[in-house]
1. Looking at (1) more than 9 Å from chain B (Cβ to nearest Cβ); (2) surrounded by fewer than 18 Cβ atoms within 10 Å (Cβ to Cβ), find the lone condition where residue A:115 falls short.
2. Being touching a residue at least 40 places away in the same chain (Cβ under 8 Å) and surrounded by fewer than 21 Cβ atoms within 10 Å (Cβ to Cβ) is the filter here, so list the residues in the stretch A:127-155 that pass it.
3. Report the residue count in the stretch B:242-282 for those that are in contact (Cβ under 8 Å) with a residue 60 or more places away in the chain and over 26 Å from residue B:65 (Cα atoms).
4. Check residue A:180 against each of (1) within 16 Å of ligand 1 (Cβ to nearest atom); (2) in contact with a Ser or Thr (Cβ under 7 Å, 6 or more places away or on another chain); (3) outside any helix (DSSP H, G or I) and name the one condition it does not meet.
5. Can you tell me which residue in the stretch A:67-88 is farthest from the other protein chains (Cβ to nearest Cβ), limited to those that are acidic (Asp, Glu) and more than 16 Å from ligand 1 (Cβ to nearest atom)?
6. Is it true that some residue in the stretch A:189-197 is under 12 Å from the mean Cα position of the chain (by Cα), β-branched (Val, Ile, Thr) and either within 27 Å of residue A:33 (Cα to Cα) or away from ligand 1 (no atom under 16 Å from the Cβ) (or both)?
7. Tell me yes or no: at least one residue of the stretch A:53-74 is over 19 Å from the mean Cα position of the chain (by Cα) and acidic (Asp, Glu).
8. Being under 14 Å from residue A:176 (Cα atoms) and within 9 Å of ligand 1 (Cβ to nearest atom) is the filter here, so list the residues in the stretch A:35-66 that pass it.
Amino acid sequence: MTRTNTAGADDDGAPAAELFDVERHYPGGVRALDGVSFRIGRGELVGIVGPSGSGKSTLLNLLGMLDTPTGGSVRITGFDTAGLDDDGASALRARSVGFVFQQFHLAHNVAALDNVADGLLYTGAPLRRRRARARGALERVGLGDRLHHRPHELSGGQRQRVAIARAVVGDPGLVLADEPTGALDTASGTAVMELLQELNAAGATVVVITHDRELAGGLPRRIRVRDGQVESDERAGGDGGGHVQG
Amino acid sequence: MSRGSGRGPRPARLSPADLVRTGASGLRARPLRVVLSALGIAIGVAAMVAVVGISASSRADLDARLASLGTNLVTAAPGESLLGEAATLPKGAEDRVRRLPGVRGVAQVGQVEGASVYRSDRIPEEASGGITVYGASLDLPETLRAHVRTGEWLNRATSGYPAVVLGATAAERLGIARIGPGTRVLIGEEYFSVVGILDPVALAPEMDSAALVGRDAAAGRLGADGHPTRVYVRAAPERVAEVREVLARAADPEEPFGVEVSRPSDALEAKEAADRAFSGLLLGLGGVALLVGGVGVANTMVISVLERRGEIGLRRALGATRRQIRGQFLVEAMALSALGGVAGAVLGALVTAGYAVTRGWMVAIPVWAPTAGVLATLGIGAVAGLLPAVRAARTAPTEALGSG
Ligand SMILES: Nc1ncnc2c1ncn2[C@@H]1O[C@H](COP(=O)(O)OP(=O)(O)OP(=O)(O)O)[C@@H](O)[C@H]1O
Ligand SMILES: [Mg+2]
């Protein structure tokens, strides 16, 4: 295993994410995560499931470098996050991670196109290129005819699709979605999951937290978390680890 | 296999345009709040620009007036003798002064004691007081640069006749606006024809309430004693100080200490200086308004940062560094403050223009005033935004996203 990477660019051979014995303890003895290890290969679609308070969001925040572990190590697209300062982690987020939130987090009074274009703001791309790519991303999520609509002019499902377009507009190595269907009705939720699956089929690595057993059941891999630990890590159709790299 | 030495990827720089765009985005979302919180700054800058503009316009006007009036007029008048008695100027004063080096023109007036001026003999005595009668030399208008508004000045012929030229205020008091062949006033016992009316004389306001007759008429018809009560001297501009120095001795060689020498343009300058002290006070008030405005901006920014935790978390998730978040809120505070500054500079310029026009002045706003005003508001915005921006940058993204 020689995945050392000093070039400052993504190592194409590295898995999207690797966790070794990760702990996230809070003051007062809360062990939100307690010894979690797994690896997510490129191109995988992984569901994270578990009861409320089990540590799913904590886990996702660590994968997205919004939070730092109190123990163990987290590697994202080959980079050890312990070696990254705020600038480094931010740059890696800008380039390699896309987030989708339950509450969308779209800017009010800003057109869908510009909401999506802001997904590239911190990559240093000029405005024209950001807008051009945002248009492409909105077309990919089926909103090519809603470019200039503002969030309040869109349905909940459409808003979440705008948010997904924003997450994938930069072709990140890792797409992280924390209960993306949580604020949606069943039909919109299903459509959003299908969209994530489509993006995954087109090559994106997707990690999605969901409470919905049915939605989770359709995913090729499920990591079940309980009390800050991995309870099970199962793949559809036995352990056919076709995605996992050795 | 940790990449201990690797510094990892470096963040991209935001272009200046993107920096301004992100800074402005927060303002665009809340226009009413922008207006209200920039108001204090605007008022402060407006006050300061207006004060500077008005005093500069007034100064420019004074300079223009002084340039046309000249600062080289010097007067000699009787003061008090060494013994504390009222002095008089000797009769030969005008001629002696004329011979001084550096003197270009001389004129004198001699007050006619006890002479009163009436429109006609039917007007009761009290009704037209306050007009002083002088016997004036023919050079007077030229020396004072006084302008005859209607009619004409006295000449060699009319100097001995019962003819009079009225000062602007004197004519007004007598109710004479125009003159015709029959326009007369009663001076002492005799009717004098009014041959001219002067415009106000800026450097010799005592002429405004004067009735000026020829020196011969003053002596022959009104019984004047022939002593000058004031000698006006136009000096060569570069020799004013020199002339001032020797004027008293030339006017009265025997009692030079009884001669009061002054330069009338100094009085105009002194009035201007008094106005400037008042300007300083207004400037101070403008500074206080600016300070209060700065506190208002800081307050608005603190609230904004608290309200926009969700946005901050999102931007961090999109890859913004702490420094970029700090920069965004700093730029926002500076833009907010500078908007107030620009509005204030415009307002201040309008106030200046309005005031100058009502005074009949030229509008003169020094470019540095609005420039400095706007630059100062940028600085105020930076200071006011610093603490909120640092707080925004310190906000933990996980918490920010959870609350948004
Ligand atoms: N800032 C914090 N300080 C202290 N404890 C925290 C903090 N954030 C999370 N926790 C605790 O960590 C545990 C895991 O929280 P987490 O948000 O990861 O749960 P979750 O699995 O996402 O739950 P849910 O399904 O309800 O979203 C919880 O017990 C929570 O109380
Ligand atoms: Mg959660």
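The values are calculated or read from the model by the stated rules, or taken from the named source; none is laboratory data. What you see is a predicted model; the values in this text were computed from it and never measured. Glycine also receives a Cβ, built like all others from the backbone with ideal geometry; neighbour counts cover every protein chain displayed.
1. The one condition residue A:115 does not meet is (2).
2. Kept after step one, since they are touching a residue at least 40 places away in the same chain (Cβ under 8 Å), are these residues of the stretch A:127-155: A:140-142, A:150-152, A:154.
Matches in the stretch A:127-155: A:140, A:142, A:150, A:151, A:152, A:154.
3. 11
4. Only one criterion in (1) within 16 Å of ligand 1 (Cβ to nearest atom); (2) in contact with a Ser or Thr (Cβ under 7 Å, 6 or more places away or on another chain); (3) outside any helix (DSSP H, G or I) is unmet by residue A:180, namely (2).
5. Initially, the stretch A:67-88 is screened for residues acidic (Asp, Glu), giving A:67, A:80, A:85-87.
If we keep only those that are more than 16 Å from ligand 1 (Cβ to nearest atom) too, we end up with A:80, A:85-87.
Numbers: A:80: 5, A:85: 8, A:86: 5, A:87: 5 Å.
Out of the qualifying residues, it is A:85.
6. The initial filter retains those residues of the stretch A:189-197 that are under 12 Å from the mean Cα position of the chain (by Cα), namely A:196.
From the residues that got through so far, the ones that are β-branched (Val, Ile, Thr) too are none.
No, the stretch A:189-197 contains no residue that is under 12 Å from the mean Cα position of the chain (by Cα), β-branched (Val, Ile, Thr) and either within 27 Å of residue A:33 (Cα to Cα) or away from ligand 1 (no atom under 16 Å from the Cβ) (or both).
7. No, the stretch A:53-74 has no match at all.
8. Selection gives A:48, A:56, A:57, A:58, A:59, A:60, A:61.
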